[in-house]
Amino acid sequence: MTDLWREIFELGTAEVDPDEGFFEAGGTSYQALSMITRIDELFGVEVELVTVLTEGSVAFLAELVDSTRN
């Protein structure tokens, strides 16, 4: 999930705080939609927009994807 976060936020190899929220990281609505699309493409998990916008830290999204896939 960290690599996906870097991709969406165009961070290259920058350090990612796994507990930083989506908006705290400077996320936009467009990036939230991109995140949802990429999570579905990569992991086959559908995440609601409101989840990314309100709970969208790397740690939370990784846990969500893991729990949904198991």
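The values are calculated or read from the model by the stated rules, or taken from the named source; none is laboratory data. Owing to the predicted nature of the structure, the values given are computational and were not obtained by experimental measurement. Backbone-built Cβ (ideal geometry, glycine too); neighbour counts: all protein chains shown. Note: accessible area is taken over every heavy atom of the protein model, side chains too, but ligands, DNA and RNA are not part of it. Shrake-Rupley method; radii C 1.70, N 1.55, O 1.52, S 1.80 Å.
A62 meets all of the listed conditions (1) among the aliphatic types (A, V, I, L, M); (2) part of a helix (DSSP H, G or I); (3) open to solvent by 60 Å² or more (accessible area, probe 1.4 Å) but one, namely (3).
Restricting the range 1-13 to residues that are of a type outside the set (A, V, I, L, M, F, W, C) and in a loop (DSSP other than H, G, I, E, B), which is most open to solvent (accessible area, probe 1.4 Å)? Step through it out loud before you land on a result.
Keep residues of the range 1-13 that are of a type outside the set (A, V, I, L, M, F, W, C), which gives 2-3, 6-7, 10, 12-13.
Now drop any that are not in a loop (DSSP other than H, G, I, E, B), which leaves 10, 12-13.
Numbers: E10: 159, G12: 53, T13: 135 Å².
My answer is E10.
Looking at the structure I just gave you, is V16 open to solvent by less than 30 Å² (accessible area, probe 1.4 Å), in a helix (DSSP H, G or I) and among the β-branched types (V, I, T)?
no
Taken over the range 30-52, the criterion of being of a type outside the set (F, W, Y), open to solvent by 50 Å² or more (accessible area, probe 1.4 Å), touching a residue at least 12 places away in the same chain (Cβ under 8 Å) and assigned to a helix (DSSP H, G or I) is satisfied by L33, R38, L42, L49.
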